[in-house]
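**Q** Following this message is one structure expressed as structure tokens.
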Amino acid sequence: MSKLKDLIWLALFCAGPALAGAQQYEPLSVSVQAAMSKAISDQAVETRLTEKPAVKTWLAEMSRRLTRTIPDREYREDLLATVYYEASRAGLDPELVMGLIEVESGFRKYAVSTVGAHGYMQVMPFWVQQIGVPGQDLFHLRTNLRYGCTILRHYLDIEHGGLFRTLGRYNGSLGQAEYPNMVLAAWKRHWVYDGGSVGKQAKAAN
């Protein structure tokens, strides 16, 4: 049944190429490569995290906002739980990651850019050789989000927390304003929740 559902989503989400750019290949130091490889190593989503009342409330609100884009409730909730887990695991704001996914792939699981970036977070295949395990499927939900969040965290560390330049690096357009502005706008317009600390971060990012 899950294979049939995947085929249905493949048909829905392969309507066209993603319009975003892609990360640029840069040789990594041995220490950075080891740290990123460890971060990528396979671990299941910790279900206890999504059972917390505050997280449940967040998931319900994000599900409501994403319903028109992804009508399938089970699929949508699985995506959101994984986004929350992988973003939090990498020390990222889940709502920022939602904004990035919106711009990168429009929440299309099987999106492929004109330069070959894959999936929700438009991960370039060279990352599998650099920090992963050969044969890992970048269209797999958790694999794609694990890579994307790990890469975004890596760029955030390089930029010492500077979000604008971090987003430019992620998109392969460092120094250009269009992509970072698009992600920040999507984040603030559609995904900032409850105007709390996340909202303050979003406002400060501009």
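No lab work stands behind these numbers, since they all come straight from the coordinates. Predicted, not measured: the structure shown is a model, and the values here were computed from it. So basically every Cβ, Gly included, is an ideal-geometry build from the backbone, and we count neighbours across all protein chains shown.
**Q** Distance in nm between label sites at Lys52 and Asp72, each 7 Å beyond Cα in the beta-carbon direction?
**A** 2.9 nm
**Q** Test of understanding: what is the full-extension gain from Glu178 to Lys38, defined as 0.36 nm times their sequence separation minus their Cα-Cα distance?
**A** On the way: separation 140, 0.36 × 140 = 50.40 nm, distance 3.25 nm.
This chain segment gains 47.1 nm when fully extended.
**Q** Residue separation times 0.36 nm, minus the C-alpha to C-alpha distance between His160 and Arg65: what's the value?
**A** Numbers: separation 95, 0.36 × 95 = 34.20 nm, distance 3.16 nm.
Using 0.36 nm per residue and subtracting the Cα-Cα distance, I get 31.0 nm.
**Q** Calculate the length of the line joining the C-alpha centroid of the range 148-196 to that of the range 91-132, in whole Å.
**A** Cα centroid to Cα centroid, the span is 13 Å.
**Q** Taking all pairs of different Cα atoms in the range 27-90, averaging 1/r and flipping that mean, what Kirkwood radius in angstroms comes out? Display every interim value, and only then the final one.
**A** Working: mean 1/r = 0.0745 Å⁻¹.
For the range 27-90, the Kirkwood estimate is 13.4 Å.
**Q** Send over the semi-axes of the range 26-183's equivalent ellipsoid, whole angstrom and largest first, taken as the square roots of 5 times the C-alpha gyration tensor eigenvalues.
**A** Details: eigenvalues 114, 65, 50 Å².
Semi-axes (√(5λ), whole Å): 24, 18, 16.
**Q** On to the next question. With a cut-off of 8 Å between alpha carbons and a minimum separation of six or more residues, what is the relative contact order of the range 33-106 in percent?
**A** 24 percent
**Q** How much net charge surrounds Asp157 when only the other residues with a Cβ under 13 Å from the Cβ of Asp157 are counted, with Lys and Arg +1 and Asp and Glu -1? All intermediate terms of the calculation are to be shown ahead of the outcome.
**A** Values: positive: Arg153, Arg165, Arg169; negative: Glu159.
Overall, the nearby charge balance is +2.
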